[in-house]
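> Quick one: structure below, then a few questions.
The values are calculated or read from the model by the stated rules, or taken from the named source; none is laboratory data. Predicted model only: the values in this text are computed from it and were never measured. Counting neighbours? That spans all protein chains shown, and the Cβs are built from the backbone with ideal geometry, glycine included. With ligands, DNA and RNA removed, areas are computed over all heavy atoms of the protein, side chains included. Shrake-Rupley method; radii C 1.70, N 1.55, O 1.52, S 1.80 Å.
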Amino acid sequence: MKEKKGQIYLFSRAIRTGKTTALYNWVQDRPGAAGILTPDVHNRRVIYDIATKRYHTFEVADSYGGEKITIGRFLFAKEAFARARDILAAAVAQHPAWLVIDEAGKLELEQGEGLEPAILNTVRSYQSGQQDGQLLIVVRDSLLPQAINRYGLQDAIVLSEHLP
């Protein structure tokens with residue numbers, strides 16, 4: 001698949017089908033990749049900063065003392081979303097060859113929270129030609145039409161099997 005300047009990809013599959021694991025393995029072979037992944041480590045979702053290869057707290061226990069956000073059956077530290085947005089902003093400023101965002105989910109698409117407005121601002125910077133690398137956003141298949149409409153991604157390449 002030939003990559004064009006500023007191309008946007010949507011990596012979309014059903015929930016719990018290995019999207020993050022596939023991306024984690026894929027970014028290991030991508031020098032200059034940046035952004036965030038949200039893998040499970042020791043049965044808890046964490047934020048993985050691709051550029052620094054550092055892990056940060058994301059999913060927390062009910063006993064966590066800070067502010068929490070509930071998404072389905074998960075509890076997340078509210079400050080973790082701010083950290084993830086900061087990681088994305090720093091990555092965009094570096095103009096990476098590949099920027100990965102895992103993921104645009106219900107919180108972002110239905111409530112405009114979570115990683116918003118970072119996702120919208122990032123998409124706009126790619127659409128306007130300010131970025132010449134590639135952007136890859138993870139979206140579960142059930143939310144794909146909503147993501148395409150919200151972010152104006154009718155020209156994005158949708159991937160469901162193989163990564164570019």
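> Determine one quarter of the surface area of the Cα convex hull of the chain, which equals its mean projected area, and express it in nm² to one decimal.
Details: hull surface 35.8 nm².
For the chain, the mean projected area of the Cα convex hull comes to 9.0 nm².
> When the gyration tensor of segment 67-141 is built from Cα positions, what are the square roots of 5 times its three eigenvalues, in whole Å, from largest to smallest?
23, 13, 10
> Also, I was wondering about something else. Calculate, for the chain, the solvent-accessible area per residue in square angstrom, rolling a 1.4 angstrom probe over the heavy atoms of the protein chains.
Numbers: 8440 Å² over 164 residues.
Using a 1.4 Å probe on heavy atoms only, each residue of the chain averages 51 Å².
> What angle do you read, to the nearest 10 degrees and between 0 and 90, between the alpha-carbon axis of helix 78-93 and the longest principal axis of the chain?
20 degrees
> Calculate the length of the line joining the C-alpha centroid of segment 91-110 to that of segment 31-50, in whole Å.
So the separation of the two Cα centres works out to 12 Å.
> Sorted by average packing, counted as other Cβ atoms within 10 angstrom per residue and highest first, what order do 124-130, 96-102, 47-53 take?
On the way: 124-130: 14.4, 96-102: 23.1, 47-53: 18.1.
With the highest mean Cβ count within 10 Å placed first, the list reads 96-102, 47-53, 124-130.
> First compute the accessible area of segment 13-164 with a 1.4 Å probe, then give the percent of it belonging to carbon and sulfur atoms. Write down the numbers at each step before the final one.
Numbers: 3620 of 7710 Å².
Its accessible area is 47 percent carbon and sulfur atoms.
> Right, here's the next one. Contact order normalised by length for the chain, with contacts defined as Cα pairs under 8 Å and 6 or more residues apart; what percent is it?
Values: 276 pairs, mean separation 56.7, N = 164.
After rounding, I find 35 percent.
> Can you compute the helix-only [θ] at 222 nm over the chain? Use -39500 (n - 2.57) per DSSP H run of at least 4 residues, normalise by all residues, nearest 500 deg cm²/dmol.
Working: 5 runs with 49 residues, N = 164.
Value at 222 nm, helices only: -8500 deg cm²/dmol.
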